[in-house]
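Engineer: Pasting a structure here, questions to come.
The values are calculated or read from the model by the stated rules, or taken from the named source; none is laboratory data. Owing to the predicted nature of the structure, the values given are computational and were not obtained by experimental measurement. Every residue, glycine among them, receives a Cβ derived from its backbone with ideal geometry; neighbour counts consider all protein chains shown. To get the accessible areas, we keep the full protein, side chains included, count just its heavy atoms, and leave off ligands, DNA and RNA. Shrake-Rupley method; radii C 1.70, N 1.55, O 1.52, S 1.80 Å.
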Amino acid sequence: MIKSYLKHLSISSRIGKLIKGTEIIKSLYWYDLPIKEALGWSGIRRFMRFNRVSKQSDEIAGNYKITRIYNGPAINDGLSASGATVWNYTRLKNPPIIEGDQTCDVLEKNAAKIIKEYKNNIDKIVTHPDNTSLAKDGTWSGIFLYGVGGKKDPMYEQFFKETYEVLDQLPISKNFGFALISKLSPGVRILPHCGSSNLRFRYHLGLDVPEPDKVKIRVGKEWKHWKEGKAYGFDDSFEHEVIHDGEKDRVVLIVDVWNPKITQEEIQIFDNKLFNQFGNR
């Protein structure tokens, strides 16, 4: 464990230099800790006290083979403000749902080719890592085109060439998000939860939605449905859940891009791989 703390201090020192004098150092939280505290010795003391009290792991992170040196509560409940469970940048003020913006336009204009590639590769869908943790009464499965840390899966590049070309047009938040094809089986419910970060914004493009009135998502306090070939974005750090009352699979493309309220200067900082390594054992 000592090695983990020493590694954390080394990464913290480098991040501290990156964010010195910026709004980030005033407004960023890691779990329930202001980033300035999480970067220093006071954070280490907090981590050590926490780990003596509880050995609770971050279950969702564990689904992606990530273990952390600390696991604290979110600073909000995710209903009226971001409830990001790991990275919460409180400077960002955005609505829970966005429609009709540039990302939606890119996805919708290219929907036909993305849908075609998906239908040609249905057999490659596997169980989603969060299926056991979050799905109830059914199965959540998918294909990760971009996985943890923004890594492309080379196994899929030959099968989703045009889809990757579309993704290359978007400002994907590789440090904090994913790009995947997501399938829900009939009857499944994705339990209420908040995403790990409000630095990203999650977009859904309907690929196969045969029963648009029978599958819905709640983001914060608002309910939405999907339509094939149509896209919208939502801040998944708000509490959200999905209910599938239909009898056929629902499939969407999920793409995590940078939060539209973040500046280019901030993106350059947050895009540093140090943030992907921060707090990991």
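Engineer: With all protein chains present and a 1.4 Å probe, how do Asp123, Asp249 order by accessible area, largest first? Don't skip to the answer; put the middle values down first.
Structural biologist: Numbers: Asp123 120, Asp249 60 Å².
From most exposed to least exposed: Asp123, Asp249.
Engineer: If each DSSP helix of 4+ residues adds -39,500 (n - 2.57) and the sum is divided by the residues in the chain, what number results at 222 nm, nearest 500 deg cm²/dmol? Can you show the working numbers first?
Structural biologist: On the way: 12 runs with 88 residues, N = 281.
Result for the chain: -8000 deg cm²/dmol, rounded to the nearest 500.
Engineer: Would you mind working out the magnitude of the charge dipole of the range 182-281 relative to its Cα centre, with +1 at each Lys and Arg C-beta and -1 at each Asp and Glu C-beta, to the nearest 20 Debye?
Structural biologist: In debye, rounded to 20, the range 182-281 gives about 100.
Engineer: At 1.4 Å probe radius, can you tell me the per residue accessible area of the range 112-193 in Å²?
Structural biologist: 45 Å²
Engineer: How much of Glu247 can a 1.4 Å solvent probe reach, expressed as accessible area in Å² and rounded to 10?
Structural biologist: 150 Å²
Engineer: In the chain, which helices (entire DSSP H runs) extend 24 Å or more along their own long axis, judged by Cα positions, while averaging at least -0.5 on the Kyte-Doolittle scale?
Structural biologist: Passing helices, by number: 2-19.
Engineer: Mind computing the radius of gyration and Dmax over the alpha-carbon atoms of the range 123-281? Å is fine for both.
Structural biologist: Radius of gyration, then largest Cα-Cα span, for the range 123-281: 15.5, 46 Å.
Engineer: At a 1.4 Å probe, what is the % contribution of carbon and sulfur to the accessible area of the chain?
Structural biologist: 49 percent
Engineer: How much accessible area does Lys7 have with a 1.4 Å probe, in Å² rounded to the nearest 10?
Structural biologist: 90 Å²
Engineer: OK, next. If each Cα of the chain is one equal point scatterer, what is log10 of I(q)/I(0) from the Debye formula at q = 0.15 Å⁻¹?
Structural biologist: Results for the chain at q = 0.15 Å⁻¹ read -1.16.
Engineer: Ser196 accessible area, nearest 10 Å², 1.4 Å probe?
Structural biologist: Here the accessible area works out near 40 Å².
Engineer: Next question. Any chance you could list the semi-axes, whole Å, largest first, of the equivalent ellipsoid that the Cα gyration tensor gives for the range 90-213, using √(5λ)? List each step's numbers first, then the result.
Structural biologist: Numbers: eigenvalues 87, 83, 52 Å².
The equivalent ellipsoid of the range 90-213 has semi-axes of 21, 20, 16 Å.
Engineer: Work out the length of the dipole vector of the chain about its Cα centre, built from +1 on the beta-carbon of each Lys and Arg and -1 on the beta-carbon of each Asp and Glu, and round it to the nearest 20 debye.
Structural biologist: With only Lys, Arg, Asp and Glu charged at Cβ, the dipole is about 1360 debye.
Engineer: Simple spin-label model, 7 Å along Cα-to-Cβ: Lys221 to Ser10 in nm?
Structural biologist: 4.8 nm
Engineer: In addition: Residue by residue, what Karplus-based ³J(HN,Hα) values in Hz, rounded to whole numbers, does the range 188-199 have, using 6.51, -1.76 and 1.60 with θ = phi - 60° and x for Gly and Pro?
Structural biologist: 6, 10, 8, 5, x, 7, 10, x, 7, 8, 9, 6
Engineer: Report the trypsin sites (Lys or Arg not before Pro) located in the range 150-180 that are in a DSSP loop and have at most 14 other Cβ atoms inside 10 Å of their Cβ, or state none.
Structural biologist: For trypsin sites (Lys or Arg not before Pro) across the range 150-180 that sit outside H, G, I, E and B with at most 14 neighbouring Cβ atoms in 10 Å, the list reads Lys151.
Engineer: Output wanted: per-residue J couplings in Hz (rounded whole) for the range 163-168, from phi through Karplus 6.51 cos²θ - 1.76 cosθ + 1.60, θ = phi - 60°, x for Gly and Pro.
Structural biologist: 5, 4, 4, 5, 4, 5
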